[in-house]
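As structure tokens, the structure follows; a few thoughts come after it.
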Amino acid sequence: MLTPPVTTDRSDWSPTRNAKLSITVRGKDMASIYLLEWPAMVITVVAAWMVASERKFNRNWGFWLFLVSNALWIIWGVDDHAYGLICLQISLAGINIRGTYKNRVVQRHR
């Protein structure tokens, strides 16, 4: 496990720049942004389940849930500097927007 170098110089520390809302989980301080990871995962799984539904109503809600999960993953990725994840989620959001549109077009033509 890599550990950052220890420094006693605090001249660059500022409460506004270095402040992060954190909570303690099992004795470890965690930034609250990491709590987005699990809701994003659950929403993604539920959305996939709903998109696979034969009911148009469920499919439509599945695409909207996917868009919510895309937003959550993007927020999480920005904080973690996960630029590949951010690009993936933007691409998937475009596909989900297309899916909501195509689901509505299919509904109108039937």
Taking the residues in the range 69-80 that are within 8 Å of the chain's Cα centre (by Cα) and among the β-branched types (Val, Ile, Thr) as candidates, determine which candidate is surrounded by the most Cβ atoms within 10 Å (Cβ to Cβ). ILE74
Quick check, is LEU65 surrounded by fewer than 18 Cβ atoms within 10 Å (Cβ to Cβ), of a type in the set (A, V, I, L, M, F, W, C) and part of a helix (DSSP H, G or I)? no
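Table: residues versus (1) at pLDDT 95 or above; (2) in contact with a helix residue (DSSP H, G or I) (Cβ under 8 Å, 6 or more places away or on another chain); (3) surrounded by 13 or more Cβ atoms within 10 Å (Cβ to Cβ).
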{"residue": "MET1", "(1), (2), (3)": "no, no, no"}
{"residue": "PRO5", "(1), (2), (3)": "no, no, no"}
{"residue": "PRO15", "(1), (2), (3)": "no, no, no"}
{"residue": "ASN18", "(1), (2), (3)": "no, no, no"}
{"residue": "ILE23", "(1), (2), (3)": "no, yes, no"}
{"residue": "ARG26", "(1), (2), (3)": "no, no, no"}
{"residue": "PRO39", "(1), (2), (3)": "no, yes, yes"}
{"residue": "ASN60", "(1), (2), (3)": "no, yes, yes"}
Pairs, please: C-beta under 7 Å, at least 6 apart or cross-chain, first residue without any contact (Cβ under 8 Å) to a residue 40 or more places away in the chain and under 18 Å from ILE75 (Cβ atoms) and in the range 38-59, second among the polar types (S, T, N, Q) and in a helix (DSSP H, G or I)? ALA40/SER69; ILE43/SER69; THR44/SER69; ALA47/SER69
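Out of all the residues in the range 72-84, is one or more in contact with an Asp or Glu (Cβ under 7 Å, 6 or more places away or on another chain) and assigned to a helix (DSSP H, G or I)?
Within the range 72-84 (the criterion being in contact with an Asp or Glu (Cβ under 7 Å, 6 or more places away or on another chain) and assigned to a helix (DSSP H, G or I)), the answer is yes, since at least one residue qualifies.
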Among the residues of the range 81-110, count how many are surrounded by 13 or more Cβ atoms within 10 Å (Cβ to Cβ) and touching a residue at least 24 places away in the same chain (Cβ under 8 Å). 8
Going through the range 30-62 one residue at a time, which ones are part of a loop (DSSP other than H, G, I, E, B) and among the hydroxyl-bearing types (Ser, Thr, Tyr)? SER53
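The values are calculated or read from the model by the stated rules, or taken from the named source; none is laboratory data. It should be emphasised that the depicted structure is a prediction, and the values quoted were computed from it without experimental measurement. Because the Cβ atoms are built from the backbone with ideal geometry, glycine has one as well, and the counts that use them run over all protein chains shown.
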